[in-house]
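The values are calculated or read from the model by the stated rules, or taken from the named source; none is laboratory data. Here the structure is a predicted model, which is why all the values come from computation and not from measurement. Using ideal geometry, Cβ is built from the backbone for each residue, glycine included, and neighbour counts are taken over all protein chains shown. Accessible surface areas use protein heavy atoms only, side chains included; no ligands, DNA or RNA. Shrake-Rupley method; radii C 1.70, N 1.55, O 1.52, S 1.80 Å.
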Amino acid sequence: QVQLVEFGGGLVQPGGSLRLSCAASGSTESIYAMGWYRQAPGKQRDLVARIFKGGMATYADSVKGRFTISRDIGKDLVYLQMNNLKPEDTAVYYCVADGSAGQTWGQGTQVTVSS
């Protein structure tokens with residue numbers, strides 16, 4: 001089994017930056033992709049960014065050019081660097097790991113963009 005813990009959410013002003021971190025533990029050798037989803041109040045949960053073991057990354061159109069996902073495989077960490085944040089980025093952000101046994105979700109971390 002895989003366990004995930006997120007860090008780094010908080011309150012930031014529009015135009016500001018935050019970095020989210022996600023630490024994986026357990027059967028991490030089975031993970032072939034990790035990513036971040038987000039869910040705003042009253043909205044569905046959407047994929048923000050995803051990175052595969054080989055390093056290929058994909059992004060939602062709404063965050064392209066502003067967010068960067070990266071992974072430290074040796075330390076089982078995945079990061080989401082978020083720049084030029086907008087109020088519409090406000091949501092609970094979830095770390096997700098895709099492995100041979102299925103998909104694992106973190107508990108979520110709140111990101112609020114407001115002046």
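What about Q107, is it in a loop (DSSP other than H, G, I, E, B), polar (S, T, N, Q), open to solvent by 70 Å² or more (accessible area, probe 1.4 Å) and farther than 18 Å from V12 by Cβ? Give the steps one after another, and end with the answer.
Values: in a loop (DSSP other than H, G, I, E, B): yes; polar (S, T, N, Q): yes; open to solvent by 70 Å² or more (accessible area, probe 1.4 Å): yes; farther than 18 Å from V12 by Cβ: yes.
Criteria met by Q107.
Using beta carbons and a limit of 8 Å, which pairs, at least six apart or on different chains, have the first residue in the stretch 101-115 and without any contact (Cβ under 8 Å) to a residue 40 or more places away in the chain and the second one surrounded by 14 or more Cβ atoms within 10 Å (Cβ to Cβ)?
Once the first residue is without any contact (Cβ under 8 Å) to a residue 40 or more places away in the chain and sits in the stretch 101-115, its partners that are surrounded by 14 or more Cβ atoms within 10 Å (Cβ to Cβ) give Q103/V96; Q103/A97.
Assuming R45 fulfils every condition listed in (1) touching a strand residue (DSSP E or B) at 6+ places or on another chain (Cβ under 8 Å); (2) over 16 Å from F7 (Cα atoms); (3) open to solvent by less than 70 Å² (accessible area, probe 1.4 Å) apart from one, which condition is it?
For R45, the exception is condition (3).
Could you tell me which of the residues D98, D76, D89 is of a type in the set (D, E), open to solvent by less than 10 Å² (accessible area, probe 1.4 Å) and either touching a His at 6+ places or on another chain (Cβ under 6 Å) or touching a residue at least 24 places away in the same chain (Cβ under 8 Å) (or both)?
Numbers: D98 fails: open to solvent by less than 10 Å² (accessible area, probe 1.4 Å); D76 fails: open to solvent by less than 10 Å² (accessible area, probe 1.4 Å).
Residue meeting the stated conditions: D89.
Output the residues belonging to the stretch 8-36 that are assigned to a strand (DSSP E or B) and free of Cβ contacts under 8 Å to residues at least 60 places away in the same chain.
Hits for the stretch 8-36 are S21, A23, S25, G26.
What are the residues in the stretch 9-37 that are at pLDDT 95 or above and within 20 Å of S115 (Cβ to Cβ), if any?
G10, L11, V12, Q13, P14, G15, G16, S17, L18
If V63 meets every condition in (1) of a type outside the set (G, A, S); (2) open to solvent by less than 60 Å² (accessible area, probe 1.4 Å); (3) part of a strand (DSSP E or B) apart from one, which number is that one?
Looking at each condition in turn, V63 falls short on (3).
Just to be sure I understand, how many residues within the stretch 1-42 are of a type in the set (D, E) and either open to solvent by 30 Å² or more (accessible area, probe 1.4 Å) or farther than 19 Å from D89 by Cβ (or both)?
1
Please work out if T58 is touching a residue at least 12 places away in the same chain (Cβ under 8 Å), open to solvent by 30 Å² or more (accessible area, probe 1.4 Å) and either in contact with a helix residue (DSSP H, G or I) (Cβ under 9 Å, 6 or more places away or on another chain) or not acidic (D, E) (or both).
In short, no.
Which of the residues that make up the stretch 6-30 are touching an Asp or Glu at 6+ places or on another chain (Cβ under 7 Å) and aliphatic (A, V, I, L, M)?
Within the stretch 6-30, L20, A23, A24 qualify.
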